[in-house]
Amino acid sequence: MTVGSEAKLTVETLGAFIDDRYAAWARQQVGDDTVSVLKTGFADWLSEPLTTLSAWRIESWRRDQLDLLVQPLMISRQLQALDGCLKKAVEWLIIESNPLHDVGLEATDHFIELFSGGMGHGYLRAGWAPVGVNWTWTLGNRAVLELPPVGGNTDYVLKMHTLGTYQGTPQRLFVDVNEKRVGMLLCRGPGSHEFFVPSRALNSREGIDVVLKMPDACRPMDHEESTDDRFLGFRVVKFELLPMTGSPRKKQPALPAADEAGGVIAQRAALQEMASLGFNCEFGFVQRHVGAEPMSLFRWSSVPLDKLIEGLEKSFAGLNARGALDVQLSPEGEFVAEDKVYGFRHHTFVFAFQGGVLERVQRNEYIRVGVLRNTLLEELREQKKLFVYHDAGESNLADIRRLVRALQIHGNNTLLWVVGAPCAAQIGETQQIERGLIRGYVGGFQTSPITPNSPHLPSWIKVACRAHQIWRRIKESQERLRLERQRQKIGDQ
């Protein structure tokens, strides 16, 4: 399209175009909130000429937002608002073309995580308890999520991941999306449930209302000695809103067989089978980056190596004994728990300014630590996990061998020891250096505070996935050896 000579005389900024031309049209045609979305999402661009908005800048903005852990659902909504605005700028001969044509607005996966430290708490409306450490209870017979609208004519799948119902009591669940029934089921325990959501149920300018109806919610005080009079339904971990179809994407080149596990699904599955032994939260954030959310005792903990070894040798006896946990309020307003027996410190992700109460946090932490201690001991006995430790290079091989010996008190366990690469050529190298010990070289470690946005994430993921492949081969070899010995024993009899 060729812009008329009169239009070329004026170079409009994004902000001037919105205020002088687009806002009046948008309020009549697409709703009052569109202008607000544009001005909030693209505030840094309002003073810039429309002609400076390129596909590269928009794609860079999207990557930056994802790196800042902005919800993909919100990013998609902002880009759709910008797309509508720029289409009108083309139609009204202000710019020659819409740069978003080269970016693409394919449907995006959206995650609403209902555990402490997760993303999406802001979408909760009526019918929810305060966000818990590993899940959030529904309260009463009706719980509501309010999500931003999605564009296009794509059908979606709504996935609901739960850790069961109160005391495993069978409960009926009815799910409505924008007042359209999309599913019903009877739930007896933990599981992941999927509901087909047709595009016509999502075509709403105001947003998406997901309503859970639970007629069988029950009160603890009616079933046990308790003063808890809340009507509890489901322990929900997270929701996923996934498109059934999307715009065609460029085919990604296949990774070599010796490289890291291909694709985020494989990475997530690998890191789900790994358990951090602490020092700090860096590996916990690596797991979260690929969507792995295992519940483990030391994932969000500060754990000195000598105390960790002592705890393993004693099977963490006394870890949650009466009076063993000290919960204090940090300067940031978060409740932080410290174990007086071993000196472990861990995040609770519960904040006073969000309604956290010391007595309740302390009670919950005793329960949580007890459950996770038992889970860890079971994983050690049954060799269910590849265990991971690093302390930013403070420990030497002799120290780590002591840790391996402590792990193997409980079973034939394997440790991934993460160390800094001595040179760039060794970043990502991972190998078994002796029985029960794998060493992997990463690009570097974070210093306090530990955040989700480490520049070294790619090397951590590569090392973790390669170590997982080695660990799986070790386990398969051990299983073949066990079966062979079993056959020989039967033959001797």
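Miscellaneous remarks
- In the stretch 275-304, the residues that are outside any helix (DSSP H, G or I), crowded, with 22+ Cβ neighbours inside 10 Å and free of Cβ contacts under 8 Å to residues at least 40 places away in the same chain: R299
- Within the option set K340, K307, being surrounded by fewer than 18 Cβ atoms within 10 Å (Cβ to Cβ) and modelled with pLDDT under 90 holds for one residue only, K340.
- Of all residues in the stretch 127-164 being β-branched (V, I, T) and assigned to a loop (DSSP other than H, G, I, E, B), the one that is nearest to P243 (Cα to Cα): T154
- Residue that is modelled with the lowest pLDDT [pool: residues in the stretch 14-54 that are closer than 11 Å to I94 by Cβ and of a type in the set (S, T, Y)]: T51
- Qualifying position, being at negative phi and touching a strand residue (DSSP E or B) at 6+ places or on another chain (Cβ under 7 Å), among H410, H456: H456
- Top-ranked residue of the stretch 310-337 - restricted to ones that are among the acidic types (D, E) and assigned to a strand (DSSP E or B), ranked as surrounded by the fewest Cβ atoms within 10 Å (Cβ to Cβ): D326
- Failed criterion for G440 (all others in (1) crowded, with 19+ Cβ neighbours inside 10 Å; (2) of a type outside the set (K, R); (3) more than 27 Å from A269 (Cα to Cα) hold): (3)
- Hits in the stretch 72-107 (condition: at pLDDT below 70, in contact with a Lys or Arg (Cβ under 9 Å, 6 or more places away or on another chain) and crowded, with 17+ Cβ neighbours inside 10 Å): V103
The values are calculated or read from the model by the stated rules, or taken from the named source; none is laboratory data. Values in this document were obtained by computation on a predicted structure and should not be read as measured data. So basically every Cβ, Gly included, is an ideal-geometry build from the backbone, and we count neighbours across all protein chains shown.
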